[in-house]
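Structure, as C-alpha cells:
Derivation of every value follows stated rules applied to the coordinates shown; laboratory data play no part. None of the values given here were measured: they were computed from a predicted structure. All Cβ positions, even for glycine, are placed from backbone atoms using ideal geometry, and neighbour counts span all protein chains on display.
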Amino acid sequence: MGMRTIIPFGPQHPVLPEPIHLDLVLEDEKVIEAIPRIGFIHRGLEKLVEKKDYQEFVYVAERICGICAFIHGLTYSLAAEKLMNIEAPRRAQFLRVIWSEIARLQSHLLWMGLMADAFGFESLFMHSWRIREKILNIIEETTGGRVIFSSCKVGGVRYDIDNDTLKRIVRDLKEYEKEMRAVGDVFLKDSSVRHRLCGVGVLSKEEAYRLGAVGPMLRASNFAQDLRQTGYCVYGELDFAPVVHPDGDAYARCAVRIGELYQSISLIAQAVDKIEEGPIDVKLRGFPTGECFVRTEQPRGEVIYYAKANGTKFLERLRVRTPTFANIPALLKCLPGCELADVPVLVLTVDPCISCTER
Amino acid sequence: MISESTIEPATVSDIVTRVEALYRDGWRLAQIGCTRTADGAEINYSFDKALTLRTLRVTLKSLQETLPSVSRVCFPAFHYENEIHDLFGIPVDGMAIDYKGDFYRKAHPAPFAKPPEEKKDV
C-alpha cells in the first residue's frame, strides 16, 4: 500500500469558477476517497419567497443562477401557474421553448470552453466562447439582456419575437451549427482530447441511476431520461429523443452535451415552424393556493421546484432542488480510482453550477 | 403536460423501511425537502421512476423531534439530510456522512427554522 495523504481541492482552484471543496484521500497519486463540502456562498434565496410576492419572485428565481437563469424563471412560473390553475397561451409556450433551448446552447458552449481550458486546449476554449458570443447576441436581441433574460413571467412571457426575426434566428443558428460541428469534431476526434477523457471517471448505467444523477451525467451512462419527454410547454409536440452515450466516462459526458447542441437547434427550428399567432400572456386573478412539484430539464439536468401557497400573494414555501446538488453523489462515485491530475477534468464533467446549488 | 406526482403520508418510525422498499423497487431518489409548519415541519422524500414522481411525507410535531437518516439504505440522501439539519436545525440520526452542522456556512444557526412572518398585505 502506498503512502496516504489528504489533498484539499478548492474552494479556490483554477478550473473552478465557483467555490466547492473536496478533501481528496490519495494513495500515492490515486484518489481513494473524496469528501465534498459546499455552502461557502449559500444565499438562502428560498427564504426570500416570504418577502417577495409571487409575481416579483420570478426575478429572484432567475437570479438563482446566471447560466440557467431562464429555465429557473420558467420552472417557477410553471409552479405558480399550476397553483393558480392557469396555463400560459400557446404562443408563450413556444417562445418559452425557444428561449429554453437558446439558454441550453449558451450553457453548453460555456461548459465546452471551460472544459477545453481545463485540459489545456486554449484555442478550443476560445472557439467555443467565440460561438457562444453569437448566441448571447441572440439573447440580447430578443430580451435586452445577455445573462438574465427576464422574459418569463407568471401567466406567459413579457416579450414577443416577430415571426421574421424568429426565421432569421433559425437561419443564423444553422450557420452557427456548422461552426459548432467543427469545434465539436475536435472535442470528439482529437487524439489528445480522447487521451485525456476516454475511460476516466466511468459511471455505469445502474450506478448513475441509483445515485440520483440527472441530465447529461445520467444520459452519458446510457440512461435515456430527459424531463422534456414529459412534454411541458410544447415539448410534447416536438420531435426529439434524449441524447445518450454508452460509455459513462468523461468523454461520454462531453459527447452528450455536444449532441445536445445540435438537438437544441433542431428543437428551436421545429418550434419556429409550429409557433402560432396569439396573445403572449393571460391576466392573473386571485392568488396561488395549494402545493405542487414541477420539474423541468435545465442544461445540467432535472430541476425540481416545490411550491406551497396559502391563498395570499406570498408563497409559504419554495424549495429548489438543482441538478448539480443531485449530481454530487455521482461525482463522489466517479472520483475514487482516478489520478489526482484527472480530478479537475472529472469535476468539470459534472458541469457544476455552484451558484444554483448555493441558491 | 407536467409529470405525474403523488404525495403519500409516512411516519418517523416507518420512513426508513419505506424508503428502502422504494429504492429496492428501482425508484431513484429525486429530492428530500423540508417545509416549516406552525409548530414542526414536513419532510418530503421524492422518488422518480419512468418520469413519475412519488413523494413520501413525514410530519414532525416539533423541530426538536429526531429524524432517522435514510442514507444508510439510500446513500444519495446524505447531503439532503445534512441540508435539513443545517437550515432547519432538525436532528438527523445516523447519516452516512455527517458534517455535524458544517455543510453550509451560516451567519445564524438554523436560519430556516423561523416560521414565516404574518403578512398584512394580502
inquiry  = Which residue, B:A96, A:A269, A:N222, has the largest displacement toward the positive end of the dipole of the protein assembly as shown when charges sit on each Cβ (Lys, Arg +1; Asp, Glu -1)?
reply    = A:A269
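Find the relative contact order for chain A and round it to a whole percent, using C-alpha pairs within less than 8 Å whose residues are 6+ positions apart.
Computed over chain A, the figure is 25 percent.
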query = How many times 2.2 N^0.38 Å is the alpha carbon radius of gyration of region A:226-266?
reply = 1.27
key: Cα-based convex hull volume of region A:219-299 per residue, rounded to whole Å³   = 118
message = At q = 0.16, 0.28 Å⁻¹, what log₁₀ I(q)/I(0) does region A:200-256 have when each alpha carbon counts as one equal point scatterer in the Debye sum?
response = -0.46, -1.01
query = If you place +1 on the Cβ of every Lys and Arg and -1 on the Cβ of every Asp and Glu, how big does the dipole about the Cα centre of region A:39-358 come out, in debye to the nearest 20?
reply = 600
query = Can you pull out the trypsin sites (Lys or Arg not before Pro) in region A:16-69 that DSSP calls coil and that have at most 14 other Cβ atoms within 10 Å?
reply = A:R43, A:K51
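May I ask for the percentage of alpha-carbon pairs in chain A that lie more than 37 Å from each other? Spell out each step's value before the answer.
Details: 11817 of 64261 pairs.
Of all Cα-Cα pairs in chain A, 18 percent lie more than 37 Å apart.
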query = Could you state the principal axis extents of the C-alpha atoms in region A:163-204, from the largest down, to the nearest angstrom?
reply = 46, 23, 8
note = Residues whose modelled amide H sits under 5 Å from the amide H of B:S5, counting only those 5 or more places away in sequence or on another chain, are B:L53
request  = Note down the magnitude of the dipole of region B:4-93 about its Cα centre, charges +1 on Lys and Arg C-beta and -1 on Asp and Glu C-beta and zero elsewhere, to the nearest 20 debye.
outcome  = 180
ask   = Got a sec to turn the phi values of region B:14-31 into Karplus ³J(HN,Hα) couplings, 6.51 cos²θ - 1.76 cosθ + 1.60 with θ = phi - 60°, whole Hz, x for Gly and Pro?
value = 10, 5, 5, 5, 6, 5, 4, 5, 5, 4, 5, 7, x, 8, 8, 5, 9, 5
query = What residues have an amide H closer than 5 Å to that of A:E302, excluding those fewer than 5 places away on the same chain, when H is modeled at 1.01 Å from N in the peptide plane?
reply = A:G215
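Can you give the mean number of other chain Cβ atoms that lie within 10 Å of the Cβ atoms in peptide A:282-289? Numbers along the way, then the final one.
Working: counts 0, 0, 0, 0, 0, 1, 0, 0.
Mean shielding by partner chains, rounded to a whole number: 0.
Could you give the Stokes-Einstein D for region B:14-54 in µm² per second, using the C-alpha Kirkwood radius, 10 °C, 1.306 mPa s? Can you show the working numbers first?
Working: Rh = 11.1 Å.
It diffuses with D of about 143 µm²/s by this estimate.
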note = Long-range amide H partners of B:V92, meaning residues 5 or more apart or on another chain whose placed amide H is closer than 5 Å, are B:L67
Along chain A, longest interval not containing exposed GluC sites (Glu not before Pro), exposed being DSSP loop plus at most 10 other Cβ atoms within 10 Å = A:1-275
key: Span from the region A:94-144 Cα centroid across to the region A:36-63 one, whole angstrom   = 25
task = Take the alpha carbon atoms of region A:162-189, find their center, do the same for region B:33-89, and report the distance between the two centers in whole angstrom.
result = 44
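What relative contact order, as a whole-number percentage, does region B:4-93 give when Cα pairs under 8 Å and 6 or more residues apart are counted? Display every interim value, and only then the final one.
On the way: 164 pairs, mean separation 28.2, N = 90.
Answer for region B:4-93 is 31 percent.
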query = Once Lys and Arg get +1 and Asp and Glu get -1 on their Cβ, which of B:A77, B:A30, B:V12 lies farthest toward the positive end of the dipole of region B:4-93?
reply = B:A30
query = What is the spread of the Cα atoms of region A:62-211 along each of their three principal axes, largest first, in whole Å?
reply = 52, 41, 23
key: Selection from A:N163, A:W111, A:L188 lying farthest towards where the dipole of the protein assembly as shown points positive, charges on Cβ   = A:N163
message = Give me a comma-separated list of calculated 3J(HN,Hα) values for region A:31-37, in order, Karplus coefficients 6.51, -1.76, 1.60 applied at θ = phi - 60°, integers in Hz, x for any Gly or Pro.
response = 7, 9, 8, 9, 10, x, 9
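Suppose a student asked you for the relative contact order of region A:77-228, using Cα pairs under 8 Å spaced at least 6 residues apart; what percent would you report? Kindly include the intermediate steps, with their values, before the conclusion.
Values: 104 pairs, mean separation 30.3, N = 152.
It rounds to 20 percent for region A:77-228.
Hey, what's the Cα Rg ratio for region B:4-93 versus the globular rule of thumb, 2.2 N^0.38 Å? Could the numbers behind the result be given before it?
Values: Rg = 12.2 Å, N = 90, 2.2 N^0.38 = 12.2 Å.
Normalised by 2.2 N^0.38 Å, the Cα Rg of region B:4-93 equals 1.00.
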remark   = Of all DSSP beta bridges with both partners in chain B, the antiparallel percent, nearest 5, is 70
key: DSSP loop GluC sites (Glu not before Pro) with at most 14 other Cβ within 10 Å: longest gap in chain B   = B:5-64
remark   = Checking A:N310, A:N85, A:N327 against a Gaussian network model of chain A (alpha-carbon springs below 10 Å), the top fluctuating residue turns out to be A:N85
message = Could you derive backbone 3J(HN,Hα) for region A:263-272 from the dihedral phi with the Karplus parameters 6.51, -1.76 and 1.60 (θ = phi - 60°), listing whole Hz in sequence and x where the residue is Gly or Pro?
response = 5, 4, 5, 5, 5, 5, 4, 5, 5, 5
